[in-house]
Amino acid sequence: MNKIFIIFIMLIVLSSCNTKKYNDKNLTVFRYNESKGIATLDPAFAKNQTVIWPINQLFNGLVQMNNSLKVMPCIAKNWEISNHGRLYTFYLRDDVYFHDNKIFKTGKGRRVVAFDFVYSLHRIQDPKTASPGAWIFDKLDKNLNNNFTGFKAVNDSVFQIFLKNPFPAFLGLLTMQYCSVVPREIVEYYGRDFRSHPVGTGPFKFKIWKEGKKLVFVKNENYFEKDSNNIRLPYLNAVAITFINDKQSEFLEFVQGNIDFLSGIHASYKDELITRGGKLNPKYQNKFNMFTQAYLNTEYLGFLLDDSLEIVKKSPLKIKAIRQAINYGFDRRKMMTYLRNNIGTPATSGFVPEGLPSFSAKKVKGYDYNPDKARKLLTTAGYPSGKGLPEITLMTTSDYLDICEYIQHQLSIIGININIDISTGASFRDMVANSKLNFFRGSWIADYPDAENYLALFYSKNFSPKGPNYTHFKNKDFDKLYRRAMNEISDSIRIDYYRKMDQIIIDQAAVVPLYYDEVVRFSQKNIVNLGSNPMNLLILKNVKKITN
């Protein structure tokens, strides 16, 4: 970030503050970089982290998740669950207002009422919106009367959601940014351009966006949440986002103090910033803060298993023994030490990651490095020492090339020859979603903190592109357990079902779990209360920036 941009931000913040006068020393601007760019600021399209982070600063929903993954009140001050887990009744606060906007009759943001949630949530499931979050409301009961959407505004302060069947994870789903409240008149005025003219209720409000260059939010002086001392949030005056796409350049900006926050570890600077043991390099101990914790993210390799597709019929990966040999054929522990500096845990259990109650290394047995077993499986499959086995193409993006090359080398030792093909992010995601790839690198970051979110990737009714089952895995026993789990209110029984389902995925070698990730965050020393959480959600309303 150059000096001209810093001055530009300061002027924006000053112009946005009508009731208070600030001098430059008192202005606090939190600066971060989004190397992958931001496609939209419309919560209906909050599909990935790059979009979720800014939307979380601009919008609120009925409920929110704290750093311990507990569902907490937000615009709904409390709620009741009745009718055997099928009716959710929310009681709304009366002091939540949309951000000021010229489209409102007076130019001032109006109060949020229950009908706003009827509109906002119905908008997510409306096919005309084409929201990738429409699946959240697949379980609504829409048969109570004609034209019923499953949502009801009893009055301005009481909002209800009706489900066909109980779904214990439903409150967690409602914390997703898809479920943010939006004002109907603003959305209808801007149409698709609401993506770049967002109006929410959040701690920050939109100011300016020069796409690919800079994005600025300023403090919402009328935000409804307060801290424990009754001081109105947020503390920061502004949030400034840049779009440097080169990770090495991003790191240099952080080292120079031009951005306040860095998320994750990239191969281009990991050895400079952290030790082989996963600790902050001593040379930066007095300059940066480092936070790590379990992250609800499983990194994996996926196989396309739909034998109705021609590319699967011709692939040796349709043979389970080959898929199992790949799982046994490389050392995940060495991979984590040398390529990830021990940030994360080798995935030698199931697909469900550490940090969720159903995770159990003892009860879900996965794959560890066993080259002898891998060779025996190749022989069983009819390819002793890999003889006659066709070359297998693995598709990935450039960010994971080092890991894929490591696996390629280790598998070659046992006779499995891998060709690595690199694609760009958008093209790669499209090919995975539309069943164009036999073998692909994938990751699944939890949308909500329940193992069902991971296991849904293997339910046969969720075949992509309509659902998240990118492997097209289909197993009757798995599907039966999935349906039982969705109707089970008891946590302990449901967790038992989850573990059995996870074991089926592993036994059938539907995927190659690589590692369970960790949240890794770095911040400048003057950033306070940033913290972290297992969802890696960026929460800035509590952050303070100490100025001299």
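Any read-out appearing in this document is the output of simple, stated calculations on the displayed coordinates, not a laboratory observation. Keep in mind that what you see is a predicted model, and the values were worked out from it rather than measured. No Cβ is skipped: glycine too gets one built from the backbone with ideal geometry, and neighbour counts run over all protein chains shown.
Globularity index of the stretch 158-301 is 1.39 (Cα radius of gyration / 2.2 N^0.38 Å, N = number of residues). Stokes-Einstein, applied to the Kirkwood radius of the stretch 295-518 over Cα pairs at a viscosity of 1.002 mPa s and 20 °C, places its translational diffusion at 122 µm² s⁻¹.
Please identify every one of the GluC sites (Glu not before Pro) in the stretch 317-425 that sits in a loop by DSSP and has no more than 14 other beta carbons within 10 Å of its own beta carbon.
Working: sites: Glu354, Glu391, Glu405; in loops: Glu354, Glu391.
Those satisfying the criteria are Glu391.
So for the stretch 460-514, averaging the separation of alpha carbon pairs under 8 Å that are six or more residues apart and normalising by length, what relative contact order in percent results?
Relative contact order, the stretch 460-514: 25 percent.
Which of the lysines could a cross-linker span from Lys362 if the Cα-Cα distance has to be under 20 Å and same-chain partners fewer than 8 positions apart are dropped? Of all the lysines, those that pass the test against Lys362 - Cα under 20 Å, at least 8 places apart if same chain - are Lys500.
Exceeding 27 Å between C-alpha atoms, which entries from my cross-link table qualify? They are Lys47/Lys70; Lys36/Lys207; Lys139/Lys219; Lys207/Lys541; Lys214/Lys436. Display every interim value, and only then the final one.
Details: Lys47/Lys70 21 Å; Lys36/Lys207 21 Å; Lys139/Lys219 37 Å; Lys207/Lys541 17 Å; Lys214/Lys436 35 Å.
Pairs exceeding 27 Å: Lys139/Lys219; Lys214/Lys436.
What do you get when you divide the Cα radius of gyration of the stretch 308-407 by 2.2 N^0.38 Å, with N the number of residues? Mind dumping the intermediate values first?
Numbers: Rg = 15.3 Å, N = 100, 2.2 N^0.38 = 12.7 Å.
Normalised Cα radius of gyration, the stretch 308-407: 1.21.
For the pair Lys70 and Lys279, what calculated FRET efficiency results from E = 1/(1 + (r/R0)^6), where r is the Cβ-Cβ distance and R0 = 30 Å, to the nearest 0.05? Write out the running numbers ahead of the final one.
Details: r = 29 Å, r/R0 = 0.98.
Result of the calculation: an efficiency of 0.55.
Pairing the Cα long axis of helix 3-16 with the longest principal axis of the chain, what angle in degrees results, from 0 to 90 and rounded to the nearest 10? Roughly 50 degrees between the two axes.
Just how large is the dipole of the chain about the Cα centre, in debye to the nearest 20, putting +1 at every Lys and Arg Cβ and -1 at every Asp and Glu Cβ?
Working: 73 positive and 51 negative charges, 95 e Å.
Using Cβ point charges on Lys, Arg, Asp and Glu, the chain gives about 460 debye.
Return the ratio Rg/(2.2 N^0.38 Å) for the stretch 59-194, where Rg is computed over Cα atoms only.
Values: Rg = 14.8 Å, N = 136, 2.2 N^0.38 = 14.2 Å.
After normalising by residue count via 2.2 N^0.38 Å, the value is 1.04.
For a label point 7 Å from the Cα of Arg110 along Cα→C-beta, name the residues of the stretch 181-219 whose backbone N is under 14 Å from it. It comes to 182-189, nothing else. Against the chain, whose longest principal axis comes from its Cα atoms, helix 491-507 is set at around 50 degrees.
Where the convex hull is taken over the Cα atoms of the chain, what is its projected area averaged over directions, in nm²?
Details: hull surface 104.0 nm².
Hull-based average projected area comes out at 26.0 nm².
Taking every alpha-carbon pair under 8 Å whose residues sit at least 6 apart, the stretch 59-194 reaches a relative contact order of 31 percent.
Name the trypsin sites (Lys or Arg not before Pro) in the stretch 139-197 that are in a loop by DSSP and that have at most 13 other C-beta atoms within 10 Å, would you?
Working: sites: Lys139, Lys142, Lys152, Lys164, Arg184, Arg192, Arg195; in loops: Lys139, Lys142, Lys164.
Listed in order of number, the matching sites are Lys164.
For a straight C-alpha distance cut-off of 19 angstrom, the lysines reachable from Lys334 (same-chain residues fewer than eight places away being disregarded) are Lys270, Lys279, Lys373. Based on C-alpha pairs under 8 angstrom that are at least 6 apart in sequence, the chain has a relative contact order of 19 percent.
Each of Leu233, Leu92 was scored by other Cβ atoms within 10 Å of its Cβ. Arranged with the fewest first, they read Leu233, Leu92. Between helix 401-413 and the chain, what is the angle of the helix's C-alpha long axis to the longest principal axis, kept within 0 to 90° and rounded to the nearest 10? The helix 401-413 is inclined about 10 degrees to the chain.
Qualifying trypsin sites (Lys or Arg not before Pro) in the stretch 296-369, where qualification requires a DSSP coil assignment and no more than 13 other C-beta atoms within 10 Å, comprise Lys314, Lys362. Derived scalar couplings between HN and Hα for the stretch 94-107 equal 10, 10, 9, 10, 5, 4, 4, 7, 4, 6, 5, 3, 9, x Hz in order, rounded to whole Hz, by the Karplus curve 6.51 cos²θ - 1.76 cosθ + 1.60 (θ = phi - 60°), x for Gly and Pro.
Note that the stretch 187-202 has calculated 3J(HN,Hα) couplings of 4, 6, 5, 8, x, 5, 6, 4, 4, 10, 9, x, 10, x, 10, x Hz, one per residue in order, obtained from phi through the Karplus relation 6.51 cos²θ - 1.76 cosθ + 1.60 (θ = phi - 60°); glycine and proline are x.
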